[in-house]
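Here is the structure we will look at.
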Amino acid sequence: MDEYLVVGNPVEHSLSPQIHAAFAEQTKQDMGYAKALVPLGGFAEFVDRFAAGGGKGLNVTVPFKPDAFAYVDEHDQAAQTAQAVNTIILGGNRSRGANTDGVGLRTDLTQRHGLALAGQKILVLGAGGAAQGILQPLLEACPSEIIIANRTLAKAETVVQAFAPLQGETKLFAVGLQGIVDRADIVINSTSMGLQGETAVLPQQVIEGAFCYDLAYGSSAVFCAWARDHGARAVSDGLGMLVEQAATSFEIWRGVRPATQTVYSQLREQIDGPKQAR
Ligand code: NAP
């Protein structure tokens with residue numbers, strides 16, 4: 001049986017084994033998928049051992065995406081742009097790395113939530129690994145503006161510089177979290193504040209009528225809950241992104257694209273209870 005893993009630290013909370021087991025059953029793939037807690041500083045050694053034992057691939061979560069980027073021999077374009085890898089393909093002489101986070105978000109926004117991104121003004125909160133993973137797919141959708149707002153302004157400015165060659169007609173700005181003043185059509189929270197039970201608090205005029213998306217999901221989606229109570233037109237947590245990025249990883253490994261809606265609905269119900277399920 002072909003073996004896959006999700007590795008992180010922590011990793012206990014990961015829903016990926018459940019998602020990939022459902023995909024494997026649906027597409028009749030003979031594969032195993034488990035989670036593994038990897039010690040900080042021990043990423044390369046762990047993956048070497050997994051590869052030597054015949055492992056076929058890994059998903060990589062916080063904090064190892066940059067380590068995974070450094071580990072693999074080849075990168076797809078999304079990984080190269082984000083400087084982070086969330087999907088490793090093993091086997092053969094050379095390991096390959098992909099980043100499916102951004103495509104997962106865009107698919108969730110456009111297909112599950114029916115948003116048109118072209119011409120929209122998008123505010124991205126945070127400038128970390130997740131923000132860098134989502135920027136290229138967002139830019140490809142031709143929004144009118146993307147504003148990257150980060151606690152550490154210098155980091156947002158560095159990210160804007162790095163992505164400037166890809167901006168096309170889209171205006172790309174960096175601001176500090178206190179510098180957000182204008183209304184946005186879509187607000188995407190990519191900070192990790194929710195993991196600490198906190199959220200960025202935005203001026204009412206920024207959020208009024210906006211579609212607000214939190215990359216975090218479940219009880220960590222604190223921004224999502226805050227936006228719902230402060231005039232957002234609609235809100236979503238990042239569960240759909242999680243399922244869509246997993247589907248793209250699965251397709252890269254197995255050559256078949258699983259359908260996602262049933263898995264998404266099951267997890268939605270598991271997290272929110274039956275009444276909230278869509
Ligand atoms: P990261 O690289 O550690 O970046 C964290 C970001 O949050 C930075 O911009 C940081 O600002 C900001 N931040 C942290 N604490 C803050 C605070 N107290 N006040 C203001 N800003 C704060 O993390 P990441 O990999 O980007 O992940 C971010 C989130 O996305 C996590 O919740 C993760 O679970 C989620 N995510 C979800 C999916 C999905 O499939 N749904 C995929 C990937 C990531 P500074 O630069 O100032 O430190």
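The values are calculated or read from the model by the stated rules, or taken from the named source; none is laboratory data. All figures in this text were calculated on a predicted structure; none of them were measured in a lab. Using ideal geometry, Cβ is built from the backbone for each residue, glycine included, and neighbour counts are taken over all protein chains shown.
Per-structure values
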| read-out | value |
| --- | --- |
| Selected residue (criterion: surrounded by the most Cβ atoms within 10 Å (Cβ to Cβ)) from residues of segment 215-267 that are in a helix (DSSP H, G or I), touching a residue at least 40 places away in the same chain (Cβ under 8 Å) and small (Gly, Ala, Ser) | 249 |
| Qualifying residue in segment 102-121 (condition: more than 18 Å from residue 235 (Cα to Cα), of a type outside the set (A, V, I, L, M, F, W, C) and touching a residue at least 60 places away in the same chain (Cβ under 8 Å)) | no |
| Close pairs from segment 60-71: first within 9 Å of residue 85 (Cβ to Cβ) and free of Cβ contacts under 8 Å to residues at least 40 places away in the same chain, partner away from the ligand (no atom under 12 Å from the Cβ) and charged (D, E, K, R), Cβ under 9 Å, at least 6 apart | 71/48 |
| Subset tally (residues that are more than 11 Å from the ligand (Cβ to nearest atom) and either more than 13 Å from residue 121 (Cβ to Cβ) or not basic (Lys, Arg) (or both)) for segment 179-213 | 19 |
| Filter pass, residue 108 being near the ligand (Cβ under 10 Å from one of its atoms) and either in contact with a Lys or Arg (Cβ under 8 Å, 6 or more places away or on another chain) or over 24 Å from residue 153 (Cα atoms) (or both) | yes |
| Residue satisfying condition, being on the phi > 0 side of the Ramachandran plot and more than 9 Å from the ligand (Cβ to nearest atom), within set 114, 102 | 114 |
| Every residue from segment 78-92 that is touching a residue at least 12 places away in the same chain (Cβ under 8 Å), surrounded by fewer than 19 Cβ atoms within 10 Å (Cβ to Cβ) and over 21 Å from residue 189 (Cα atoms) | 91 |
| Any chance residue 97 is buried (at least 24 other Cβ atoms within 10 Å of the Cβ), touching a His at 6+ places or on another chain (Cβ under 6 Å) and closer than 26 Å to residue 264 by Cα | yes |
| Residue match in segment 150-168 (condition: more than 9 Å from the ligand (Cβ to nearest atom), surrounded by 21 or more Cβ atoms within 10 Å (Cβ to Cβ) and over 18 Å from the mean Cα position of the chain (by Cα)) | no |
| Qualifying helices (runs of 4 or more DSSP H) (wholly inside segment 1-110; at least 2 residues being outside the structural domain of residue 190 (by TED's automatic domain parsing) and farther than 30 Å from residue 160 by Cα) | 16-27, 43-52 |
| Restricting segment 114-164 to residues that are among the β-branched types (Val, Ile, Thr) and touching a Ser or Thr at 6+ places or on another chain (Cβ under 8 Å), the residue that is modelled with the lowest pLDDT | 134 |
